[in-house]
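Before any comments, here is the structure.
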Amino acid sequence: MVSVYLNGQEMLVGAGSTVADLVASVLPGAQPARGLAVACNREVVPRSSWPAVVVCSGDRFELLAPAQGG
């Protein structure tokens, strides 16, 4: 297990997990909503790279989704 931060909260993920695995653990059983973005250590991770980018201990992730309102 490795420790990462997701939206400011510490969480443990399995060693060798990818960004796609991380998103799936937060949104289980659902296809991530269109427009969802992931940033790792303040750098946007393109959706096409999610399955290839391996999560490392201490990484800081932000999941960003559009919000309605005004």
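The numbers here are math on the coordinates, done by the rules we state, and not lab data. Bear in mind that the values here come from a model prediction, so they are computed numbers and not experimental data.
A few remarks follow.
- Of the labelled figures (1) 4, 18, 31, 24, 14, 7, 1, 0; (2) 3, 17, 25, 19, 14, 10, 7, 3, 2, 0; (3) 4, 16, 29, 28, 14, 5, 2, 1, 0, only one reflects P(r) over Cα pairs in 5 Å bins from 0, in percent as derived from the coordinates, namely (3).
- The mean sequence separation of alpha-carbon pairs under 8 Å and at least six residues apart, normalised by the residue count of the chain, gives a relative contact order of 43 percent.
- Value at 222 nm in deg cm²/dmol, rounded to 500, when DSSP H runs of n ≥ 4 in the chain each add -39,500 (n - 2.57): -3000 deg cm²/dmol
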